[in-house]
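> The structure follows.
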Amino acid sequence: MVDILLPALGETIYMSFVSTFFAVLIGFLLSIILILTSKGGLKENLKIYSVLDVVINTLRSFPFIILMIVLFPLTKFLIGKSIGTTAAIIPLTIGAAPFIARLIESAFKEVDQGVIEAAKSFGASDFQIIFKVMLVEALPSIISAITLTLITVIGFSAMAGAVGGGGLGDVAIKYGYYRFQTETMIYTVLILIALVQVCQSAGDYIYKKTKK
């Protein structure tokens, strides 16, 4: 059983962490555009904000299984195949990016406007305000957002196993469900719970460090 569960755990960690990394990059860029173009933003442009707002909300409304199937052609074009552990990274990233974009946008909105106005009065550029003021102030909340996203992606990766994505979800379906190996199913669930606990604890630790 160990020879089945360990590789599956490795696949789940690989899918989850790589997808979260790319989702954070994309989501951070989207959140910057959202916060800049929002009403009262540094570069207010409600047309751009409205379009991006609709796109993000549309992607967030897709159930992950459906999104993964819809993205099969794109995944095959980019990766060369539509199923497998590496192929699952594409829909996992696209599914998580709008989610983290909203969370980071909310973190930026929580920054005290007085701090931003003070930076403006000192002649800080928009770039400096975003990266040296808002990012620093919002960092603990962003850490929490990344932690939440990673845990969500771990859940998504388990669902990806149902449509050939590999990982622990694939083991649970193949052995726990189709072959009625209840013990394997239980071990899979316990490993996923432990993985989530480790990620949450690490996220909480980093949050406390950045909060000081």
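The values are calculated or read from the model by the stated rules, or taken from the named source; none is laboratory data. A quick note: this is a predicted structure, and the numbers were derived from the prediction, not measured. Positions of Cβ are backbone-derived with ideal geometry, glycine not excepted, and every protein chain shown enters the neighbour counts. These area figures cover heavy atoms from the full protein model, side chains too; ligands, DNA and RNA do not enter into them. Shrake-Rupley method; radii C 1.70, N 1.55, O 1.52, S 1.80 Å.
> Being under 30 Å from residue 134 (Cβ atoms) and either in contact (Cβ under 8 Å) with a residue 24 or more places away in the chain or among the aromatic types (Phe, Trp, Tyr) (or both) is the filter; apply it to the stretch 192-205 and report the residue that is surrounded by the most Cβ atoms within 10 Å (Cβ to Cβ).
199
> Anything in the stretch 156-191 that is in contact (Cβ under 8 Å) with a residue 60 or more places away in the chain, under 18 Å from residue 19 (Cβ atoms) and of a type outside the set (A, V, I, L, M)? List them, or say none.
The answer is 156, 157, 164, 165, 166, 167, 169, 170.
> Go through the stretch 3-30 residue by residue and tally those that are more than 13 Å from the chain's Cα centre (by Cα) and open to solvent by less than 30 Å² (accessible area, probe 1.4 Å).
The number of residues fulfilling the criteria is 3.
> In addition: Look at the stretch 74-97 and say how many of its residues are part of a helix (DSSP H, G or I) and either open to solvent by 20 Å² or more (accessible area, probe 1.4 Å) or among the acidic types (Asp, Glu) (or both).
Residues meeting the conditions: 9.
> Would it be correct to say that residue 106 is within 24 Å of residue 15 (Cα to Cα) and under 20 Å from the mean Cα position of the chain (by Cα)?
In short, no.
> Right, next: Looking only at the stretch 104-116, which residues are of a type outside the set (Phe, Trp, Tyr) and surrounded by 20 or more Cβ atoms within 10 Å (Cβ to Cβ)?
Within the stretch 104-116, 104, 105, 107 qualify.
> Restricting to the stretch 45-73, name every residue that is open to solvent by 50 Å² or more (accessible area, probe 1.4 Å) and of a type in the set (Ser, Thr, Tyr).
Once the filter is applied, which keeps residues that are open to solvent by 50 Å² or more (accessible area, probe 1.4 Å) and of a type in the set (Ser, Thr, Tyr), the stretch 45-73 yields 50, 58, 61.
> Please pick out the residue among 212, 174, 208 that is open to solvent by 70 Å² or more (accessible area, probe 1.4 Å), modelled with pLDDT of 90 or more and out of contact with any Lys or Arg (no Cβ under 7 Å at 6 or more places or on another chain).
208
> A further question follows. Tell me, which helices (runs of 4 or more DSSP H) lie completely within the stretch 98-181 with 3 or more residues that are in contact with a Phe, Trp or Tyr (Cβ under 8 Å, 6 or more places away or on another chain) and among the aliphatic types (A, V, I, L, M)?
Correct list: 135-160.
> May I pose another question? Taking the stretch 117-151 as the search range and keeping residues that are polar (S, T, N, Q) and open to solvent by 40 Å² or more (accessible area, probe 1.4 Å), which one is farthest from residue 17 (Cα to Cα)?
Selected residue: 121.
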